[in-house]
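Asks: The structure that follows is given in the form of structure tokens.
The values are calculated or read from the model by the stated rules, or taken from the named source; none is laboratory data. Everything numeric here is computed off the predicted structure, so don't read it as measured data. FYI the Cβ positions are ideal-geometry reconstructions off the backbone, even for glycines, and counts take in every protein chain you see. Quick note on the areas: whole protein, heavy atoms, side chains included, nothing else; ligands and nucleic acids left out. Shrake-Rupley method; radii C 1.70, N 1.55, O 1.52, S 1.80 Å.
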Amino acid sequence: MTPENTGNTEKPLLKILLCSPRGFCAGVVRAIDSVEQALKRYGAPVYVRHEIVNNRYVVESLKAKGAVFVEELDEIPDTKAPVIFSAHGVPKSIPTESQRRNFLALDATCPLVTKVHREAEIHHRRGREILLIGHAGHPEVVGTLGQLPDGAITLVQTVADVDAYQPRDPNNLAYVTQTTLSLDDTAEIVTALKRRFPSIVAPHKEDICYATTNRQEAVKRVAPQVDALVVVGAPNSSNSRRLQEVAERAGCPYSVLVQRAAEIDWSRFDGIKTLGVTAGASAPEVLVEEILDAFAERYTLSVETVSGADESGMFFQLPRQLRDTAAA
């Protein structure tokens, strides 16, 4: 919570519009719980391939509890300790290698990412060429590309990529998308795909996940009403970066992505009267409170929550091996 006003009447007033929903989504909660329950059940160390979610604060707190983060499996010694795959999903070569080395593998891939993997596999079995709308190098994109043989999926990042694409059969195409993209960016690329390839097969249900959509919609509501907007999240978090971009497109004069209060450039907030605050899907609420505390040291705050979609009913079960631990 923000501290009480100390009575310093010199502090200017600042109205905060706090976006809701914000922060952790069900997939992130599941991934973090997977590491914590594995530590509880098996003890330290628990190995995690790649950051379990893209947030340094979360990763450091799990390290302190005994999680060991690696980028590749060859960094892990022969061990009976659990090896957890991150929420972003992994190429099929990773579980294959894990099985070869007899690791106790726990898959914390977000079920909504797994849904995209399954869609791609179905299209491939039906003989379709597959286009993946996403950002090169993002862990989720690497994992999705790695579900099928090389060349089965083509990554398109821009409308120009769509225009340049030359399929073997323009009447036998399908597309899937990275789950954390901007709805607006994706819509533009999808429109280009459908214009060039009218018979292209779309996902049965939108691939962009509910949490990404809901957080972007909340930002769109707040952005035109504020002088500036702070997105709490990591620079390598795709959904957090999209929130910053969405805010600017929706009319916010200045939006910034920060991980911690220490990163705030206070000169950019001189003279503001209203401030929007949100958080990416991998950013914990404690960091939102840290940001609010930092503003409360400089301003007298009036905080109003701008509510959008209700996510209270969203829940994903833990990996099968951990479910009885969580219930205990």
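Asks: Might you work out the accessible area of residue 213 for me, using a 1.4 Å probe with all protein chains in place, and round it to the nearest 10 Å²?
Replies: The value for residue 213 is about 40 Å².
Asks: Right, next: Build a GNM of the chain with springs between Cα atoms under 10 Å: which of 182, 302, 34 gets the top mean-square fluctuation?
Replies: It is 302.
Asks: Filter the cross-link list 65/92; 40/115; 92/194; 15/220; 220/273; 194/220 down to pairs whose alpha-carbon distance in this structure exceeds 22 Å. Each step should come with its number before you reach the end.
Replies: Details: 65/92 29 Å; 40/115 29 Å; 92/194 30 Å; 15/220 17 Å; 220/273 19 Å; 194/220 26 Å.
Over 22 Å Cα-Cα: 65/92; 40/115; 92/194; 194/220.
Asks: Which value, in debye to the nearest 20, gives the size of the charge dipole of the chain about its Cα centre, when Lys and Arg are +1 and Asp and Glu are -1 at the Cβ?
Replies: Numbers: 36 positive and 42 negative charges, 177 e Å.
Magnitude of the dipole: close to 860 debye.
Asks: Further, regarding this structure: From the P(r) of the chain, can you give the percent of Cα pairs sitting at distances over 30 Å? Write out the running numbers ahead of the final one.
Replies: On the way: 22225 of 53628 pairs.
Tail of the P(r) past 30 Å holds 41 percent of the pairs.
Asks: Here's another thing I want to ask about it. With springs only between Cα atoms under 10 Å apart, run a GNM on the chain and tell me which of 84, 32, 264 wobbles the most.
Replies: Of 84, 32, 264, the Gaussian network model singles out 264 as fluctuating most.
Asks: Rank these by accessible area, largest first, 1.4 Å probe: 185, 310.
Replies: From most accessible down to least: 310, 185.
Asks: Enter the per residue convex hull volume of region 1-104, computed from alpha-carbon coordinates, in Å³ rounded to the nearest integer. Please report the intermediate quantities before stating the final value.
Replies: On the way: hull volume 15.1 nm³, N = 104.
In region 1-104, the Cα hull volume divided by residue count equals 145 Å³.
Asks: Further question: Under 14 Å between alpha carbons, and skipping anything fewer than 8 positions from residue 205 in its own chain: which aspartates and glutamates qualify?
Replies: 119
Asks: Within a Cβ distance under 11 Å of residue 212, other residues only, what is the Lys/Arg minus Asp/Glu net charge? Walk me through the numbers on the way to the answer.
Replies: Values: positive: 215, 242; negative: 206, 207, 217.
Counting the neighbours of residue 212, the net charge comes to -1.
Asks: OK, next. Karplus couplings for region 67-77 from phi (6.51 cos²θ - 1.76 cosθ + 1.60, θ = phi - 60°), rounded to Hz, Gly and Pro as x?
Replies: So the J values, rounded to whole Hz, are 7, 10, 9, 10, 8, 9, 5, 5, 7, 9, x.
Asks: Something else now. 5 Å is the cut-off here: which amide hydrogens, built 1.01 Å from N in the peptide plane, fall below it relative to residue 201, excluding neighbours closer than 5 in sequence?
Replies: Long-range HN contacts for residue 201: 173, 174, 175.
Asks: Do me a favour and compute the ellipsoid semi-axes for region 131-268 from its Cα gyration tensor, root of five times each eigenvalue, largest one first, whole Å. All intermediate terms of the calculation are to be shown ahead of the outcome.
Replies: Working: eigenvalues 206, 53, 29 Å².
Value: 32, 16, 12 Å, ordered largest first.
Asks: Residue farthest toward the positive end of the dipole of the chain, with Cβ of Lys/Arg at +1 and Asp/Glu at -1: which of 303, 57, 262?
Replies: 57
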